[in-house]
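All of the numbers you see were taken from the coordinates with simple rules; none came from a lab. What you see is a predicted model, and the numbers here were worked out from it, not measured in a lab. Glycine also receives a Cβ, built like all others from the backbone with ideal geometry; neighbour counts cover every protein chain displayed.
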Amino acid sequence: MSIAASADLSAALDLGVARAPVQVRRAVALVSGTGAGKADKVFSDRRSIAASSSEDLDLAGVLLDPFGATITFARIKGLIISTAAANLNNVVVGAAASAPWAALLGATHTLTLRPGASFAVMAGAADVTGYAVTATTADLLKIANSGAGSAVSYDIVIIGASA
């Protein structure tokens, strides 16, 4: 998994151009397993939510992996959510009404992703805990359509460990 940013700020001078380039890249390579620097579960999907609606993604025992097996995350090591550029409404992440997955945003906080926006978070290679999931009491990731009138779509990738 990796996150990268690149920018090049420049300004004209009397005799040339001043430049301030920035490049930041953070990456973590996870191997199979459940400890530090390891993950053994992956969920990915392109999803759609009707106008003024929401869904709760149950991180412990409901989602299916690419082979049709049920996934039970105990720890999330990486999360990527990307909204479709064609969306007319925002996609709001977090604050499930019951059993919210609170390890990342807390129980009541949300993150608003505008059309075409992306959000990514990853645990470091030495991080054993990642973002904990507690089955039944703290395992619902709410994804909501912020408005009426049209559906929204988004892509999601969750990488984690079963223990």
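Compute the relative contact order of the range 7-163 as a whole-number percentage, counting only Cα pairs closer than 8 Å that sit 6 or more residues apart in sequence.
After rounding, I find 36 percent.
As an exercise, take the mean of 1/r over every pair of distinct alpha carbons in the range 33-76, invert it, and state the Kirkwood radius in angstroms.
12.1 Å
Using r as the Cβ-Cβ distance of Ser32 and Val62, and R0 as 35 Å, what FRET efficiency do you calculate, to the nearest 0.05?
The formula returns an efficiency of 0.95 here.
With the crude spin-label approximation of a point 7 Å out along Cα→Cβ, what separation in nm comes out for Ser162 versus Arg114?
Distance between label points: 4.2 nm.
Please give, to one decimal in nm, the separation of the simple spin-label points placed at Ser52 and Ala85, each 7 Å out from Cα toward the Cβ.
Roughly 3.1 nm, to one decimal.
Name the residues of the range 1-39 whose amide N is less than 17 Å from a point 7 angstrom out from the Cα of Ala126 along the C-beta direction?
26-30, 35-38
If the chain between Asp45 and Ala7 were fully stretched, how many nm would it gain, using 0.36 nm times the residue separation less the Cα-Cα distance?
Length gained, Asp45 through Ala7: 10.7 nm.
What are the ³J(HN,Hα) couplings of the range 103-115, residue after residue, when phi is run through the Karplus curve with 6.51, -1.76, 1.60 and θ = phi - 60°? Round to Hz, x for glycine and proline.
Calculated HN-Hα couplings, in order: 4, 9, 10, x, 6, 10, 8, 10, 10, 9, 10, 6, x Hz.
Convert each backbone phi in the range 27-37 into a coupling constant with the Karplus relation 6.51 cos²θ - 1.76 cosθ + 1.60 (shift: θ = phi - 60°), then list the ³J(HN,Hα) values in order as whole Hz, x for Gly and Pro.
Taking θ as phi minus 60°, the curve returns 9, 9, 9, 9, 9, 5, x, 10, x, 4, x Hz for the range 27-37.
Are there chymotrypsin sites (Phe, Trp or Tyr not before Pro) in the range 37-91 that DSSP puts in a loop and that have at most 14 other Cβ atoms within 10 Å, and which ones?
For chymotrypsin sites (Phe, Trp or Tyr not before Pro) across the range 37-91 that sit outside H, G, I, E and B with at most 14 neighbouring Cβ atoms in 10 Å, the list reads Phe67.
Of the options Ser48, Phe119, Ala96, report the single residue whose Cα projects farthest towards the positive end of the charge dipole of the chain (beta-carbon charges: Lys, Arg +1; Asp, Glu -1).
Going by the charge dipole, the pick is Phe119.
Calculate, in nm to one decimal, what Ser153 and Gln23 gain on full extension: separation in residues at 0.36 nm each, minus their alpha carbon distance.
Here the segment from Ser153 to Gln23 would lengthen by 43.8 nm.
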